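Notes follow once the structure below has been shown.
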Amino acid sequence: MPNSESLSLQFGLSFDDLYRREGLVRIDAAFVDHLKAVDAGLCERLMGARVQFPSRKTQSELMVELAPHVDDFIGELFGISTEALEARHEALGPVYALKRKFIQKNAISGVTAEKASAINGRAAAMELEALFNEPLTEASFVDHVSRWLEDEANHAAELGVAEQYGAWAALSPAGRAKHKGGVLFKVPHKLEQTHLIPVETLISGGIARLALPQHEWRHREGFKLTDAGMNLNAALDQANYCIKCHNQEKDSCSTGLKEKTGEYKKSFFGVTLAGCPLDEKISEMNLVKQRGHSVGALAITAVDNPMCAGTGHRICNDCMKSCIFQKQDPVDIPQVETRALKDVLELPWGFEIYSLLTRWNPLNFARPVPKEESGYKVWRII
């Protein structure tokens, strides 16, 4: 177990300070000094928000601006670097940029699934591999097509082939099956409310029953989860898909979808679309995670949901039900939350970082540190 001898904290702090109010107050003071040294104006706004609790929109703006500084301070406090994790985010950036700029705006624009299915995907793939002079993968597609787009006039023919393949890969059943494990060609599809789960009808003993196709089956081992959760690439794809509604204060994933009367809307199945029951700052978390600040993203989540280790993709999806995308696939918010937590836990001293953010959180403007002991005792009668 970590202790004061194996963990050397900066700012004259010890391991025990992570679990004592006096130590948390010192950590908060160190953060304020750190912030004041790098951005005095932002520090002044933070201290102002602690005196006079800001509006929701102002909270959002301040959280997003502070998040990178939380990453930096935590890294300095624990003597670790988050640069490798940030670099992984940055390396994946071109995938989402090309997906938005080329696949969604060019390749699939105006193309139906029927038209895409008529494309000879195998022939297009072979032609692209000849042009790439290497195997066709998502990485090679992004690399070459991105460079072609920098000089479109001289690569019109090559881009035409890439568009054909992109449409086939994104919309045809064969293409979607081939690229099921990736994100570049995975695009939102219209929701069929009466066919949300791709089941098939099986006849056994003259009785029809519904079941998932066998290739979708997941076998449980003991009490382990059957879904390991998204990897970083897939989670960032969802974070990029989010349109960040908090800027217009229309983040229904958090606050719910409402009728003009002020009442909550109901889904096709009559479920009340009230959004996250904890009012998590979801859009803000997605934006910060998208930018590569995993500790800051987790800090935003922990303000309203310090027990996020038990939620995420494991338990609830009220936020997804209330996502602004009601007619197409919603943003898989729980997976982004889980990924932000996992990425922090995988850092050196990851558990201690998460644990600390549940007690001290500079993005919690109302209460960055716990209240002092009241002197009262709570009795439990059994």
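The values are calculated or read from the model by the stated rules, or taken from the named source; none is laboratory data. Note that the structure is predicted; figures quoted are calculated from it, not measured. Here the Cβ positions follow ideal geometry from the backbone for every residue, glycine too, while neighbour counts run over all protein chains shown. What goes into the accessible areas is simple: the full protein's heavy atoms, side chains included, and nothing from ligands, DNA or RNA. Shrake-Rupley method; radii C 1.70, N 1.55, O 1.52, S 1.80 Å.
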Per the helix-only calculation at 222 nm, which mean residue ellipticity applies to the chain, given -39500 (n - 2.57) for every DSSP H run of n ≥ 4 and division by its residues, nearest 500 deg cm²/dmol?
-14500 deg cm²/dmol
Percent relative contact order for the chain, counting Cα pairs under 8 Å at least six residues apart, stands at 18
Which of the residue pairs Lys36/Lys342; Lys101/Lys180; Lys178/Lys250; Lys101/Lys190 have a Cα-Cα distance greater than 26 Å in the structure shown?
Lys36/Lys342; Lys178/Lys250
Could you please state how large a percent of the accessible area of the chain is carbon and sulfur, counting protein chains only and using a 1.4 Å probe?
53
Pick from Asp332, Asp16, Asp71: which is most flexible by mean-square fluctuation in a GNM of the chain where alpha carbon atoms under 10 Å apart are linked?
Asp16
Protection proxy ranking, peptides 233-246, 286-299, average beta carbon neighbours within 10 Å, highest first:
286-299, 233-246
Determine the gain in length on full extension of the stretch Phe325-Met307; use 0.36 nm per residue of separation and subtract their C-alpha separation, reporting nm with one decimal.
3.8 nm
Cα-based equivalent ellipsoid of segment 165-227: semi-axis lengths in Å, sorted from largest, via gyration tensor:
27, 19, 12
In a Gaussian network model of the chain with springs linking alpha carbons closer than 10 Å, the residue among Pro277, Pro362, Pro330 that fluctuates most is Pro277
What's the extension gain from Ala156 to Glu90 if we count 0.36 nm per residue and subtract their Cα-Cα distance?
20.9 nm
Quote the charge dipole size of segment 301-382 about the Cα centre in Debye, to the nearest 20; the model charges only the Cβ of Lys and Arg (+1) and of Asp and Glu (-1).
300
Skip the ligands, DNA and RNA, and give the accessible area per residue of segment 166-298 with a 1.4 Å probe, whole Å².
59
Loop-exposed GluC sites (Glu not before Pro) per DSSP, neighbour cap 14 Cβ within 10 angstrom, longest uninterrupted part of the chain:
6-149
If you take the Cα atoms of segment 139-285, find Rg, then find the Kirkwood Rh from the mean of 1/r over all pairs, what is Rg/Rh?
1.05
Under 5 Å between amide hydrogens, which residues at least 5 positions from Lys258 or on another chain qualify, with H placed 1.01 Å from N in the peptide plane?
Lys265
Just the ratio, please: alpha-carbon radius of gyration of segment 223-382 over 2.2 N^0.38 Å, N its number of residues.
1.13
Compute the semi-axes of the equivalent ellipsoid of the chain, taking the square root of 5 times each eigenvalue of the Cα gyration tensor, and list them largest first in whole Å.
42, 27, 21
³J(HN,Hα) computed for each position of segment 55-64 - Karplus, 6.51 cos²θ - 1.76 cosθ + 1.60, integer Hz, glycine/proline x
5, 4, 5, 5, 4, 4, 4, 5, 4, 5
Label-zone membership for segment 341-382, site Gln52, 7 angstrom Cα→C-beta point, backbone N under 19 Å:
365-367
